[in-house]
Amino acid sequence: QVQVVESGGGLVQPGGSLRLSCAASGSIGIIYGMGWYRQAPGKERELVARIDRGGSTTYADSVKGRFTISRDNAKNTVFLQMNSTKPEDTAVYYCYVRLAFTAYWGQGTQVTVSS
């Protein structure tokens, strides 16, 4: 079994920063990719950022220049540094890890950007 646990969500004021963390544990083997999706009320889940084992990254246009994804392969952990946050960043953020044949998801962490 594989467990994926997110942490670091919460309330932040517009323009503020927040750092999300996600740790994978269990019978993992090799993690090929890790990343973050988000889902706002009434909207579809969308990709925020992803990073492959070699460190190549992909970002949604809406977060480029504001968010940074990074990973610690030794600790099977991925981070999302969120800077210059906007109210439209409010959503539940989900972490995933992609193994050889399947992907595992976390339960999600709420991020609310509001004054």
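The values are calculated or read from the model by the stated rules, or taken from the named source; none is laboratory data. Since we're looking at a predicted model, the values are computed, not measured. For neighbour counting, all protein chains shown are included, and Cβ atoms are generated from backbone atoms with ideal geometry for every residue, glycine included. The protein model used for the area step is the full one, side chains on, heavy atoms only, and it has no ligands, DNA or RNA in it. Shrake-Rupley method; radii C 1.70, N 1.55, O 1.52, S 1.80 Å.
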* Note down the relative contact order for segment 1-56 as a percent, whole number, built from C-alpha pairs under 8 angstrom at least six residues apart. => 28 percent
* Structure fact -> Using alpha carbon centers only, segment 9-27 is separated from segment 40-104 by a whole-angstrom value of 10 Å
* Work out Dmax and Rg for the chain from the C-alpha atoms and quote the Rg first, both in angstrom. => 13.5, 43
* Percent RCO, i.e. relative contact order, over the chain, from Cα pairs under 8 Å lying at least 6 residues apart -> 37 percent
* To do: With the full set of protein chains in place, find how many percent of the accessible area of the chain is carbon and sulfur; take the probe as 1.4 Å.
  => 47 percent
* To do: Filter the chymotrypsin sites (Phe, Trp or Tyr not before Pro) in segment 19-115 down to the DSSP loop ones having no more than 16 other Cβ atoms within 10 Å, then list what survives.
  => Tyr32, Phe101
* Neighbour count of at most 15 Cβ within 10 Å plus DSSP loop: longest trypsin sites (Lys or Arg not before Pro)-free window in the chain -> 67-115
* So if R0 is 30 Å, what FRET efficiency would Phe101 and Ser70 give, r being the distance between their Cβ atoms, rounded to the nearest 0.05? -> 0.75
* To do: Please work out the average accessible area per residue across the chain, using the 1.4 Å probe convention, and give it in Å².
  => 53 Å²
